[in-house]
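Structure, as C-alpha cells:
The values are calculated or read from the model by the stated rules, or taken from the named source; none is laboratory data. If you're wondering where the values come from, they're calculated on a predicted model, not measured in any experiment. Heads up, the Cβs are rebuilt from the backbone with ideal geometry, glycines too, and the neighbour counts pull from every protein chain shown. Each accessible area value is taken on the protein alone, full model and side chains, heavy atoms only, with ligands, DNA and RNA left out. Shrake-Rupley method; radii C 1.70, N 1.55, O 1.52, S 1.80 Å.
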Amino acid sequence: MSIVRDLFTDHTLRTVALGAATLGIVAGALGSFAVLRRQSLLGDATSHAALPGIALAFLVSGSKAPLTLVLGAAVAGWIGTLLVMAVVRTTRVKYDSALGIVLSVFFGVGLVLLTIIQKRADAAQAGLDRFLFGQAASLLERDLITMAALGGIALAATVLLWKEFKLLTFDPDFGASLGFAVRRLDVLLTALLVIAIVVGLQTVGVVLMSAMVVAPGAAARQWTDRLGVMVVLAAAFGALAGVSGALVSSEASRMPTGPTIVLAAGVVVIVSLFLAPRRGLVWRWLADYRNRRRLGAGVALVDLYRLAEQHDTLRHAHEEAAIAATAGARVRHGLEELAERGWAERVDGDAWALTPAGRAEAERRLGGTG
Amino acid sequence: MTAPQLEIQAIAALVAAACALPGVFLVLRRMALISDAISHALLPGIVLAFFLVEDLTSPLLVVGAASTGLVTVLLVELLKRTELVREDAAIGLVFPVLFSIGVILITRFAGDVHLDVDAVLLGELAFAPFDRFVVAGYDVGPSALWLMSGILALNVTFIVLLYKELKLATFDAALATALGLSPALVHYGLMALVSVTAVGAFDAVGSILVVALMIAPPAAAYLLTDRLPVMLGLATLLGVGSALGGYWLAHWLDASIAGSMAGAAGIAFALAFLLAPERGLVSLARRRLRQRWEFAQGALAIHLMQHEGSPEAAEESRIEHLNRHLRWDPDFAARVVRGAQRRGLVARVDGSLALTDRGRAVARELVVR
C-alpha cells in the first residue's frame with residue numbers, strides 16, 4: 001500500500017491524482033447528459049478537433065501556459081462542434097458523416113501543425129505531444145488550478161441550470177412549449193461539454209478523451225433511473241477511473257496515461273454492465289433462470305399428474321425420459337424445482353413420482369377442468 | 001520528381017481510391033463512424049499480427065488484423081443488443097478500449113516492435129518506397145504499392161459483383177429483404193471490406209486519418225450528384241485529388257503527409273459544402289434571395305391585377321401607394337418595381353404602374369395556384 005502512503009506525502013503524485021480526479025468528475029458529470037442525449041460521439045469529434053487549436057495557440061502566442069493552450073483547444077473544439085451542426089442543418093450530409101469529417105480533418109490539420117512545430121525544434125517548444133495520448137506526470141500545480149477553475153465553472157453552471165438541462169435531456173419539445181429557450185440551452189450544454197473535454201486533454205489526450213465522456217455515464221446509467229444519482233455516480237466513476245489509471249501509469253514504466261485511464265474506465269463499464277442490480281446482465285440471467293425453472297416445474301407437475309392418472313396410482317414412478325417426451329427437454333430443472341418444494345421425489349435412479357402434496361397442488365392448479 | 005516521390009504519390013492515390021469506394025456506402029448507410037471505430041480498433045490486431053509476421057505489408061497481417069475490425073463490429077452489436085447502452089455509446093465504448101490496448105502494447109514493447117506511436121497516428125508513407133517487393137530476385141516496386149493495388153482490386157470486384165445488392169440494401173433495406181437478399185451478408189461483407197482497407201491504409205496514413213479518406217470525399221461527392229455510379233466515380237476522383245494535393249502541400253510545408261492529405265480532403269469537402277451547384281451554401285443563399293424577389297414581384301402583380309379597371313385603380317397603382325398598402329418601405333418597393341419591369345411584368349405609364357400582358361398572366365397563375 002505504499003502508493004496510498006505516497007499519495008499523501010509525494011507532492012507530484014498528489015498533483016497527478018488531483019488532476020485525474022478533477023477531469024474524471026467533470027467529464028463524468030457532463031458526459032452523463034451526452035450519453036442520455038445520444039451525443040456520445042460528439043465528444044469524439046470535439047476532442048479531436050481541439051488539437052489544431054492547441055497547436056495554433058502555441059504558434060501564435062509562443063507560450064505553453066495552460067490557460068492559453070486550453071483556450072485554444074476550447075475554441076477549436078467549439079468551432080468543430082458548430083461546423084458539425086451547420087453541415088447537418090444546411091445539407092443532406094448526415095450527422096455521422098459530419099462528425100467523421102470534422103474529427104479526422106481537424107485532427108489531420110492538428111498533426112500538420114505539430115510536425116511544423118517539431119521542425120522548429122528548439123527544446124523548449126517540444127512537449128505538445130503530450131496532448132495526443134496524455135501525460136499525467138506532466139501535470140503541474142498551475143495546470144491543476146486551470147483545470148479546477150474551468151471544471152468548477154462547468155459544474156456550477158450545471159447545478160444552476162439543473163432543471164432546464166433535465167428538461168432539455170428528456171423532453172425538449174415540452175420544454176419549448178413551456179417557453180424555455182431550448183436552442184440556447186442546447187448550445188450552452190454543448191459548450192459545457194467542450195469545457196469538460198478540454199479540462200482532461202493534457203491528462204488523457206485528444207485521441208481518447210471521448211471515452212472519458214462516454215464510459216462513466218454509460219456505467220452510471222446501469223445503477224439508477226434517476227438523473228441526479230446518475231450524474232453523481234458518473235462523476236465518482238470518472239474520478240475512480242482517472243485516479244487509478246493515472247497512478248498506475250505514473251508508477252509503472254512505459255504505460256501511457258490516456259490509454260491506462262481508458263482501460264480503467266472500461267473495467268468500470270464492464271463491471272456495471274454485468275453486476276448492476278436489476279438492469280445488469282447477471283441479474284437478468286438469474287431472473288431468466290428462475291422464470292424458466294418455475295415454468296418447467298409447472299409443466300412437469302401437470303405431466304406427472306396425468307401420467308399418474310393413467311396408472312391409477314399416485315406413486316407410479318416414471319422415467320425422466322418419459323416425462324421429457326411430453327414436457328420438453330428442459331424437464332430436469334423443473335423436476336428439481338418440484339423436489340425442492342416437496343411436490344415430487346426421485347424414486348429410484350431416473351424415475352420420479354408425485355408426493356401427496358404435489359398431487360394436491362396439481363389438482364388445485366387444474367381446478368375444475370381436471 | 002524522383003522515383004521515390006512518384007512511388008509515394010502512386011501509393012497515396014491507391015490508398016485514397018481504395019478508401020473512397022467502401023466509404024460511399026458508409027456515408028449513404030449512415031455508418032460513417034463505424035469506419036472510425038474499426039480503424040481505431042484494428043490497432044491491437046495489427047500489433048499482435050505484427051509480432052507474428054513482422055511485416056506490415058504481409059497479406060497474413062492484413063487478414064489477421066482485419067478480423068479485429070469484424071470483432072469490433074460484432075462487439076458493438078452485442079453491446080447494443082443487451083439494450084443497456086445505445087448504439088452511439090456502444091461505439092464510443094468499444095473502440096477507445098481496443099485502441100488503448102493497442103497503444104499500451106506498442107509502448108511497452110517498443111523495443112521489439114518496429115512500430116511506434118508516431119506511425120500509428122501519422123503512417124509511414126514517406127518510408128514506403130524503402131520496403132521493396134522482390135520476386136525471384138527482381139525488384140518489382142514497393143510492397144505497399146502491390147498491397148494497395150490488391151486491396152483496390154478487391155474493393156472494385158466486390159462492388160461490381162454485388163452492385164445491385166449493395167444498392168438495394170442501401171436505399172431500400174426492406175425491399176431487399178423481401179426480395180430474399182440477405183442484408184446481413186451485405187452488411188458484413190462491407191464491414192470486412194472496410195476492415196481490410198483500413199489495415200492496408202494504416203501503413204500509409206495511420207489509424208485515425210483513414211477516416212478522412214473514407215468519409216470526406218464520398219460526403220463531398222454526395223453533395224454533387226444524385227446518382228450512385230457518379231458518386232462512386234466522383235468520390236474516387238476527389239479522394240485521389242486530395243491525396244496528391246495533400247502530398248504536395250506537405251512537401252511545401254515540410255510537414256506530415258498523412259495530415260496534409262486529411263486537410264486536403266477537408267478542403268475538398270468544404271468547397272463542395274460552399275459551392276456545390278445545387279446543394280452548396282452559396283447556391284442555397286442565392287436561391288433564397290431570388291425567391292424573395294420573385295415572391296415580392298408576384299405580390300405586386302397580384303395587387304395591380306386586383307385593382308385593374310376599378311375606380312381606385314389610379315390611386316392603387318402609384319408607386320408611393322405601395323408602402324401604405326403592401327407595407328413596403330420605399331427603397332424595397334422601388335427595387336421590386338425595377339425587378340418587375342426588367343422581367344416585363346409591369347410598365348410605367350405617367351408615374352403609375354400598369355400590368356403588361358405577361359404580368360397579368362403571371363398574376364393570374366399565382367392566384368389560381
Exercise for the section: Run the dipole for the protein assembly as shown about the Cα centre, Lys and Arg Cβ at +1, Asp and Glu Cβ at -1, nothing else charged, and hand back the magnitude in debye, nearest 20. Expected result: 2180
Exercise for the section: Two decimals is fine: what's Rg over Rh for the protein assembly as shown, C-alpha atoms, Kirkwood radius as Rh? Expected result: 1.11
Completion exercise
Any aspartates and glutamates whose Cα falls less than 19 Å from that of A:K163, other than same-chain ones fewer than 8 residues away, would be A:D171, A:D173, A:D186, A:D225
Handout entry: Nonlocal amide H pairs with B:R318, under 5 Å, H built at 1.01 Å
Key = B:L353
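Calculate the dipole size of the range B:3-279 relative to its Cα centre from +1 charges on Lys and Arg beta carbons and -1 charges on Asp and Glu beta carbons; express the result in debye to the nearest 20.
Dipole about the Cα centre, nearest 20: 780 debye.
Work out which GluC sites (Glu not before Pro) in chain B are exposed loop sites (DSSP not H, G, I, E or B, at most 16 other Cβ within 10 Å) and give the longest gap free of them.
Answer from the scan: B:84-277.
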Handout entry: Listed residue (A:L18, B:P218, B:I208) projecting farthest to the positive dipole end of the protein assembly as shown, Cβ model
Key = B:P218
Practice task
Would you mind checking the tilt of helix A:42-61 against the longest principal axis of the Cα atoms of chain A, expressed as 0 to 90 degrees and rounded to 10?
Solution key: 20
Fill in the blank from the handout: Beyond 20 Å, the calculated P(r) of the range B:180-263 holds a percent of Cα-Cα pairs equal to 44
Problem - Area accessible to solvent at A:D225, 1.4 Å probe radius, in Å² - result: 130
Handout entry: Karplus (6.51, -1.76, 1.60) ³J(HN,Hα), θ = phi - 60°, over the range A:285-300, in Hz, Gly and Pro reported as x
Key = 4, 4, 4, 4, 4, 4, 4, 5, 5, 5, 4, x, 4, x, 5, 5
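Kindly report the accessible area of the protein assembly as shown per residue (heavy atoms of protein chains, probe 1.4 Å, no ligands, DNA or RNA), in Å².
In whole numbers, the protein assembly as shown has 45 Å² accessible per residue.
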Exercise for the section: Once you have a ≥ b ≥ c as the square roots of the Cα gyration tensor eigenvalues for the range B:282-368, tell me rounded if a/c is under 1.5, and otherwise prolate or oblate according to whether a/b is larger than b/c. Expected result: prolate
Problem - Using alpha-carbon coordinates, inclination of helix B:59-81 to the longest axis of chain B, degrees - result: 60
Exercise for the section: List the residues whose amide H sits under 5 Å from the amide H of B:F133, counting only those 5 or more places along or on another chain, with H placed 1.01 Å from N in the peptide plane. Expected result: B:V140, B:G141, B:S143
Practice task
Label the range A:186-290 by shape, choosing from rounded, prolate and oblate, from the square roots a ≥ b ≥ c of the eigenvalues of the Cα gyration tensor; if a/c is under 1.5 it is rounded, and otherwise prolate applies when a/b is larger than b/c, oblate when it is not.
Solution key: oblate
Handout entry: Partners for A:K64 among aspartates and glutamates (Cα-Cα distance below 18 Å; same-chain residues under 8 apart left out)
Key = A:D122, A:D129, A:E141, A:D143
Exercise for the section: Rounded to the nearest 10 degrees, what's the angle between the helix A:227-251 long axis and the longest principal axis of chain A, both from Cα atoms, 0 to 90? Expected result: 70
Practice task
Kindly provide the pair-distance distribution of chain A built from C-alpha pairs, with 10 Å bins from 0 and whole-percent values in order of increasing distance.
Solution key: 5, 20, 22, 15, 9, 10, 11, 6, 2, 0
Handout entry: Loop trypsin sites (Lys or Arg not before Pro), the range A:198-272 (other Cβ atoms within 10 Å of the site Cβ: 12 or fewer; DSSP)
Key = A:R226, A:R254
Handout entry: Distant-in-sequence amide H partners of A:A344 (H built 1.01 Å from N, under 5 Å)
Key = A:A339, A:T355
Problem - Sparsely packed trypsin sites (Lys or Arg not before Pro) within the range B:2-92, loop by DSSP, other Cβ within 10 Å at most 15 - result: B:R30
Problem - For chain A, size of Cβ-based charge dipole, Lys and Arg +1, Asp and Glu -1, in debye - result: 900
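Over chain B, what is the relative contact order in percent, taking alpha-carbon pairs closer than 8 angstrom and at least six residues apart? Walk me through the intermediate numbers first.
Numbers: 525 pairs, mean separation 73.2, N = 369.
Relative contact order comes out at 20 percent.
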Handout entry: Mean shadow area of the range A:282-369 over all directions, Cα convex hull, nm²
Key = 6.0
Completion exercise
What helix-only [θ] at 222 nm does the protein assembly as shown give? Using -39500 (n - 2.57) per DSSP H run of at least 4, over all residues, to the nearest 500, the answer is -26000 deg cm²/dmol
Fill in the blank from the handout: Placing +1 on each Lys and Arg Cβ and -1 on each Asp and Glu Cβ in chain A, then taking the dipole about the Cα centre, the residue among A:H333, A:G200, A:A218 whose Cα reaches farthest towards the positive end is A:G200
Exercise for the section: Within the range B:306-358, report the trypsin sites (Lys or Arg not before Pro) that DSSP leaves as loop and that have at most 12 other Cβ atoms within 10 Å. Expected result: B:R327
Practice task
Only Cα pairs under 8 Å and at least 6 apart count here; give the relative contact order of the range A:178-284 as a rounded whole percent.
Solution key: 26
Completion exercise
If unit charges are put on Cβ atoms (+1 for Lys and Arg, -1 for Asp and Glu) and the dipole of the protein assembly as shown is taken about its Cα centre, the option from A:P66, B:F133, A:I117 lying farthest towards the positive end turns out to be A:P66
